[in-house]
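Report on the following structure.
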Amino acid sequence: MINFLATGVGLGLLLSIMLGPIFFVLLETSIKKGIKAALFLDLGILLSDLMYISIAYIFVSQVADFKTSEHIYWLHIVGGVVFIIFGYLTIKKKRSKRKTQANDLKTNNYFGTVLKGFFLNAVNPGLLFYWFGMVGILRGKEKLSFCSPDLTVVLYITLILLTFFTIDVFKIFGAKKLKNVLTPAWMNIINRVLGIILVCIGAVFLFKGILQGLETM
């Protein structure tokens, strides 16, 4: 249980500190349109994550039979490779001084704000690759003793998203301070550190998958 909580919360924190354009939209929405509007925007972001998680989960479920342990090592290998690539791209990505304007969210309709959050997040193709790697890694982890492998993955993802959404709420309430502190230079440093962490996580699971594969031969 401790391992489950540490993994879920840790991966949720990792997801929450990925600083993309949507991060600034969220902060500026909180500052210019209020906390309530920013929360609805974040709800849309969460829903788009759920869409990508569903796509990744269905795809991964179709390409492997998780009831047989011989396939587990492939999940670690694929998930590890995806994380290494995603981490490398995160390291190489530069943040410019160009600001993303929350004024683009012209609607005062909260349903419209949810839709905008959904589509702003959904247009990030890297997010789909992130969840492909995440689902692959989680499917390869040992299941919890009190539930099935499928339910174990659902519980992991639920904990990750709860952590992610909770951190986003803190971002929204502290928007003014965060906006002043997170300069482009600091964001580049954070992205490099985050990228290195992702590469390390990917390398661990890749190595683990290779070892498991060798044991099955």
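In the structure shown, the pairs 92/176; 92/116; 92/171; 116/176; 92/143 are assessed against 32 Å; a Cα-Cα span above that value is assigned to 92/143.
Each of the peptides 36-49, 199-212 was scored by the mean count of other Cβ atoms within 10 Å over its residues; in descending order, highest first, they stand as 36-49, 199-212.
Since every read-out is calculated from the coordinates, none of them should be taken as a lab result. These figures come from a predicted structure and were not determined experimentally. All Cβ positions, even for glycine, are placed from backbone atoms using ideal geometry, and neighbour counts span all protein chains on display.
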